Amino acid sequence: MTASTSTPNAAAANAGLTAYEQIDSRPLTGHQKSLVALAVIGNIAEFFDIFMVGFVISLLTGAWNLTGMQAGIITSCTGLGTVIGSILWGRMSDRIGRRASFRCCVLFFLVFTILTLFIPEGGWYFYAICRVGVGMGVGGLNITSIPYVQEFVPTKQRGLLSGLASVFIPMGLLLGSICQRIVGDNWRVLVSLSLVSVLLLVWIHFVSESPRFYLLHGQPDKARQSLAWALDVPESQVGALPQVKAERKASYGELLAHHLRPLVIVSLGSFCFILGSFAIQSWGQTLLKDGFGFDTEMVAYLFMGVAVADCLGRFGSAWLADRIGRRWTMFLYGMIGAAACFAAVFFHGSGWAFYIEVLVIMMFADGVFGIINAFGSEQFSNDVRSTGIGLGYGLGAIAKIVGPSLMGVLVGGSAVSQNISLSVITTAFTFFGCCLVLGAIIYLFARETKGKNLESL
């Protein structure tokens, strides 16, 4: 892969700098921006489906007469797939590369989305199985894309730029709300819209593999080519490469032996933050529609607002992380999200009050995901970075199974539309608020990584 020639002045300015010092000293090139954009668009496209399942289930509760337990199983299967995908593709990213794993995640997502379109009416169990496969693709994509971006961008901007992969994920919810408003109650059409992700397979073809992956696998020539691509300079102008031990194999034994503390922090912390936010993503539409009596059209509009608030919250956490530090950003966001959960416990007499509380919860409790996975991946060294964040986040993502299932159990075994009770808010949101407080505290024990280069971690 040959990069274009830079100006003589640029070459002179970078004389004597190492390759990664060159990246830290220069503005982003078009190639670096393309990689960041790929991660952003990829996460929006695939999480569009994750958020869309809330609308689909809201439609199917009536059309298929789903019970609370059945609806909970479907959403939990998405979470199960996310757990499997995070663990599987996190490790594979360290073994076969960030780019190859990214491509595989997209393929998994597309295959099971296509299968979903052929589910017979009333076949909720087939839908649940397909959600596992879709979740495997989606869960792996976020875990793969964050280290991918981190390993190409300047240290001082790493929190924001790698966080952008997650910042715009709520745009999937916004687009889902808009699409639901346009398409109406045809759930198969809503599902089919996710097939636009096929364009990602073309885009990834023009992006280079991570240079740090090549170095760790004893391929310095390819690493130099990758850095030349990123810097948009000829290979001859790339500075010295860092010395690394080649062929170090990422393994769970390596994690448990040398990275147990960060693994525990990431696993427990992620679980606490995911639990409440994912349950609300999965059940928020149904609570507003069947609990407070909003019609489907109004719920779609309301969740457009939730999506915007979530996006703003995620951007805020990614931006703050490079200024006040990762730990304090996460503590602040966790405590505000918890306060909103407790407010929902005591003040949900009206649908509008509950909606405002959901808005604040998603802005902060889910907004923390603008930095949480980027911060989590920084807790691990280069050789096990994707394996570590994949396993840690994967274990934490068990909350995506527990949260929706808990809500389903609280609703009960009768048809959702007939049995929804606002009493579930008191129990569930008290639990969610306590989890957020615990998550905020847990991440205070993580190693602060603001301003540190990846080789020092």
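Quick rundown of the values:
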{"quantity": "Stretch in the chain that is longest and holds no GluC sites (Glu not before Pro) that DSSP places in a loop and that have at most 16 other beta carbons within 10 Å", "calculated": "248-447"}
{"quantity": "Where Cα atoms sit under 19 Å apart: lysine pairs in the chain separated by 8 or more or lying on different chains", "calculated": "5"}
{"quantity": "Gain in span if fully extended, Phe346 to Asn453, counting 0.36 nm per residue against the direct Cα distance", "calculated": "34.0 nm"}
{"quantity": "Coil-residue trypsin sites (Lys or Arg not before Pro) of the range 272-349, DSSP, other Cβ within 10 Å capped at 15", "calculated": "Arg323"}
{"quantity": "Full-stretch length increase - Ala37, His258 - with 0.36 nm per residue and alpha-carbon distance subtracted", "calculated": "76.2 nm"}
{"quantity": "Mean residue ellipticity (222 nm) of the chain, computed from DSSP H runs ≥ 4 via -39,500 (n - 2.57), nearest 500", "calculated": "-23000 deg cm²/dmol"}
{"quantity": "Inter-label distance for Val111 and Met298, nm, one decimal - labels placed 7 Å from Cα along Cα-to-Cβ", "calculated": "4.4 nm"}
{"quantity": "Proxy reagent accessibility, fewest Cβ within 10 Å first, across Ser386, Ser251, Ser101", "calculated": "Ser251, Ser101, Ser386"}
{"quantity": "Folded to 0 to 90 degrees: helix 98-116 orientation relative to the chain principal axis, Cα", "calculated": "20 degrees"}
{"quantity": "For the range 194-225 versus the range 95-143, the gap between their alpha-carbon centres in whole angstrom", "calculated": "21 Å"}
{"quantity": "Added length on full extension, which subtracts the Cα-Cα distance from 0.36 nm per residue, Val189 to Glu21", "calculated": "55.6 nm"}
{"quantity": "Loop-exposed chymotrypsin sites (Phe, Trp or Tyr not before Pro) per DSSP, neighbour cap 12 Cβ within 10 angstrom, longest uninterrupted part of the chain", "calculated": "119-346"}
{"quantity": "Fewest-first ranking of Asp185, Asp94, Asp290, using other Cβ atoms within 10 Å as the exposure measure", "calculated": "Asp185, Asp290, Asp94"}
{"quantity": "Nitroxide proxy distance, nm - points 7 Å out along Cα→Cβ at Phe445 and Arg95", "calculated": "3.0 nm"}
{"quantity": "Rounded tilt (10° steps) of 124-150 against the dominant C-alpha axis of the chain", "calculated": "30 degrees"}
{"quantity": "Surrounding net charge for Lys222, when Lys and Arg each add one and Asp and Glu each subtract one, Cβ distance under 11 Å", "calculated": "-2"}
{"quantity": "Whole-Å semi-axes of the range 46-139's equivalent ellipsoid (Cα gyration tensor)", "calculated": "27, 12, 10"}
{"quantity": "Candidate values [x] -0.58, -0.70, -0.96; [y] -0.44, -0.55, -0.80; [z] -0.53, -0.65, -0.91, label of the one derived for log10 I(q)/I(0) by the Debye sum over Cα atoms at q = 0.08, 0.09, 0.11 Å⁻¹", "calculated": "[y]"}
{"quantity": "At 1.567 mPa s and 4 °C, Stokes D of the range 210-351 from Kirkwood alpha-carbon radius, µm² per second", "calculated": "65 µm²/s"}
{"quantity": "Neighbourhood net charge (14 Å Cβ-Cβ; Lys/Arg +1, Asp/Glu -1) for Ile87", "calculated": "+2"}
{"quantity": "Karplus 3J(HN,Hα) series, Hz, for the range 35-43 with 6.51 cos²θ - 1.76 cosθ + 1.60 (x for Gly, Pro)", "calculated": "5, 4, 5, 4, 5, 5, 5, x, 5"}
{"quantity": "Crossing angle, helix 423-442 versus the chain [Cα axis fit, 0-90 degrees, rounded to tens]", "calculated": "20 degrees"}
{"quantity": "Shape category assigned to the range 357-400 from the gyration tensor of Cα positions, a/c cut at 1.5", "calculated": "oblate"}
{"quantity": "Residue order, fewest to most surrounding Cβ atoms within 10 angstrom, among Ile398, Ile23", "calculated": "Ile398, Ile23"}
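Since every read-out is calculated from the coordinates, none of them should be taken as a lab result. Computed from a predicted structure; not experimentally measured. Methodologically, a virtual Cβ is constructed for each residue, glycine included, from the backbone with ideal geometry; neighbour enumeration extends over all protein chains shown.
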